[in-house]
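Below: the structure, in structure tokens.
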Amino acid sequence: MAVLIIAPGLKADWWARELNKQNAALDVRIWPDTGNPSDIEHALAWKPPAGVLATYPNLKVVFSLGAGVDHLLIDPDFPNTAAISRVVDPYLTAGIVEYVVLHVLRYHKNQPALNDQQHAKVWDDRAHELKQADERRVGILGLGELGQSAAKALVALNFDVAGWSRSPKNIPGVTCFHGMDGLAKLLPRTDILVCLLPLTPETEGLLCADLFAQLADGARLINAARGGHLVEEDLIPALDSKRLVHATLDVFRTEPLPKGHPFWNHPKITVTPHNASITDPRSVARQIVEGISAVERGDPLPNAVDTALGY
Ligand code: GLV
């Protein structure tokens, strides 16, 4: 039994070392130096080239090196006999919670507008309305591990938090909506919209002109999920028409964001390079080695993904 790391662009050597720190006996191989393909029973993967995973006939489990698994499911040849496990890690969750809290607070305290004032050397303490946190309505799309944790952190800061998910959820202090009817109820009561959804055929392109039109006046957007959630052509018109006040984006349809992309220079868009949170091999390798042992013992796979739902 061998474990393959297939994650072009990531530090595969570091992952291999961390796996072997957990279990020195693990036979770890780094793609494309695979050896005999039939040895590979487990793979750690991040954006593997399409078709490659299908070449390992004995592959049992693919461990996504991120919370999202859309990078695996877009492979038309993804082997349907392999199960998928995703990262659920306190550090990864903390990174997302920090990003959401940072940017919600930045909006709450009008920081983008205050930066403009500073550049213009304007001292005006009344130019931008300050509100109490409980007067700011935050709407979180996606109430999985990440969305729930972000919601709880914002509730602790006294924001008025609502959330939306596919199936009903009950989270103390959070007004929960679900289904398409629920989305129509959430949007008009949202001043700051935070997207933490998985990318699936149902959520692709959800952040579009029609959705922006339903938000409260002067709404702001934070997308820390996937670039595919946003219809990029709809964003600048929504900002220019003042339907939206500002957008903070960590994820894009094409990454790295191409140099000529209009988002880079738009004064109402904050761009971060898909680093809201990172998967830390030091903590995640332990989880993966435990997952491999569980499967080898015949126990259920931890953090298993429902491939039909896509998360
Ligand atoms: C990063 O985007 C992840 O899916 O963890």
Practice task
Can you confirm whether region 175-190 contains a residue that is open to solvent by 40 Å² or more (accessible area, probe 1.4 Å), assigned to a strand (DSSP E or B) and of a type in the set (D, E, K, R)?
Solution key: no
Exercise for the section: List every residue pair whose Cβ atoms lie under 9 Å apart, where the two residues are 6 or more positions apart in sequence or sit on different chains, the first residue falls within region 110-132 and is assigned by TED's automatic domain parsing to the domain that holds residue 245 and modelled with pLDDT of 95 or more, and the second residue, located anywhere, is part of a helix (DSSP H, G or I) and open to solvent by 70 Å² or more (accessible area, probe 1.4 Å). Expected result: 122/116
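For every residue, the table says whether it meets (1) within 20 Å of the chain's Cα centre (by Cα); (2) modelled with pLDDT under 95; (3) buried (at least 23 other Cβ atoms within 10 Å of the Cβ); (4) under 17 Å from residue 243 (Cβ atoms).
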site	(1), (2), (3), (4)
148	yes, no, no, no
152	yes, no, no, no
196	yes, no, yes, no
214	no, no, no, yes
Exercise for the section: For residues that are under 19 Å from residue 19 (Cβ atoms) and touching a strand residue (DSSP E or B) at 6+ places or on another chain (Cβ under 9 Å), scanning just region 73-90, find the one that is nearest to the ligand (Cβ to nearest atom). Expected result: 87
Completion exercise
Within region 296-311, the residues that are farther than 29 Å from residue 166 by Cα and touching a residue at least 12 places away in the same chain (Cβ under 8 Å) are 296
Practice task
Could you check how many residues of region 64-107 are in a loop (DSSP other than H, G, I, E, B) and open to solvent by less than 40 Å² (accessible area, probe 1.4 Å)?
Solution key: 12
Exercise for the section: Check every one of the strands (runs of 3 or more DSSP E) wholly within region 214-311 and list those with 1 or more residues that are within 15 Å of the ligand (Cβ to nearest atom). Expected result: 219-223, 244-249
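The values are calculated or read from the model by the stated rules, or taken from the named source; none is laboratory data. For clarity, every value in this text was computed on a predicted model and none was experimentally measured. FYI the Cβ positions are ideal-geometry reconstructions off the backbone, even for glycines, and counts take in every protein chain you see. Side chains are part of the model used for accessible areas, which takes the heavy atoms of the whole protein and leaves out ligands, DNA and RNA. Shrake-Rupley method; radii C 1.70, N 1.55, O 1.52, S 1.80 Å.
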